[in-house]
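S.K.: One structure, as structure tokens, below. Some questions next.
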Amino acid sequence: MLEAALISSDTKINLAKASAVIVDGSQQSLEVMVQLFHGFGMGSILPADSLETADRHLKLKKADLIVIDPTISGGLGFELIHTLRHGAGPNKETPIFLVMGHVRRADVARCRDSGANYVLTKPVSASRMMERLLWVRRDNRIFIECPNYCGPDRRFRFEGPPPGMDGRRSTDLKAALGDAAEPNLSDEEVASLLKPQRVSFDL
């Protein structure tokens, strides 16, 4: 997996055992991205300039990373991501990076809701891509599966539901809390608890 392949025991970058599927309808962009991952020492790179080729690659075996321009074939790349996330194939939970030439605010929301891990804008520098690879390795968000969404938790901070609203997840606390079982401590009582006390021991 990417987690094991990225960092070896001596902390050097090692992608020799990692694999990536790169999907882009632009032959030039595809070649640039392939060369970038070759430069990283990626062990296996499967390029795809069409959704049909990408589908064959992704059904063949599990990849450690998927990089896709979702605007391929007029935006049908989003459907490929949806199929991967909601299906039962080997790449259901594989990290997905979306790479786009122009990213608007609405595009970011659509990318997030599609189940992608991260969005990058073209042209992608080697340092920026490596930052994202290291980031996704450390990413500890859980994988969510529900009828309307499948993918990494869209919340980057675990702060619970918005104020005044019940959470939709089993781990969310209810917004309405019960009354305190006992009166609040006074300032003096709090201070006495925090004040250091001298203790003597008989030996």
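S.K.: Can you give the FRET efficiency for His102 and Gln27, using 1/(1 + (r/R0)^6), R0 = 22 Å, r = Cβ-Cβ distance, to the nearest 0.05?
M.R.: 0.70
S.K.: Take Glu79 and Cys146, extend 7 Å from each Cα along the Cα→Cβ direction, and tell me the distance between the two endpoints in nm.
M.R.: 2.6 nm
S.K.: For region 2-140, what proportion of DSSP beta bridges, expressed in % and rounded to the nearest 5, is antiparallel?
M.R.: Around 5 percent antiparallel, to the nearest 5.
S.K.: Continuing with the same structure: Mind sorting Thr94, Thr121 by how few other Cβ atoms lie within 10 Å of their own Cβ, fewest first?
M.R.: Fewest-to-most ranking of Thr94, Thr121: Thr121, Thr94.
S.K.: Now a separate question. Rounded, prolate or oblate for region 2-140? Axes are the square roots of the Cα gyration tensor eigenvalues, ordered a ≥ b ≥ c, and the cut-off for rounded is a/c under 1.5.
M.R.: Rounded.
S.K.: Can I ask one more? Along the Cα→Cβ direction, 7 angstrom out, place labels at Glu131 and Ala88. What is the inter-label distance in nm?
M.R.: Placing both labels 7 Å along Cα→Cβ, they lie 4.1 nm apart.
S.K.: Which of Cys146, Cys111 has the fewest other C-beta atoms within 10 Å, and how do the rest follow up to the most?
M.R.: Cys146, Cys111
S.K.: Taking 8 Å as the Cα distance limit and 6 or more residues as the minimum spacing, I'd like the relative contact order of region 2-140 as a percentage.
M.R.: In percent, rounded to a whole number, it is 20.
S.K.: Let me ask you something else. What FRET efficiency, computed as 1/(1 + (r/R0)^6) with R0 = 41 Å and r the Cβ-Cβ distance, is obtained for Gln35 and Asp153, rounded to the nearest 0.05?
M.R.: Efficiency, rounded to the nearest 0.05: 0.80.
S.K.: At what distance in nm do the modelled label points of Ala16 and Asp139 sit from each other, each positioned 7 Å from its Cα along Cα→Cβ?
M.R.: The two pseudo-label positions are separated by 2.7 nm.
We did not get these values from a lab; they are worked out from the coordinates using the rules stated. Note that the coordinates shown come from a computational prediction; the quantities given were computed from them, not determined experimentally. Positions of Cβ are generated from backbone atoms using ideal geometry, with glycine treated the same way; all protein chains shown enter the neighbour counts.
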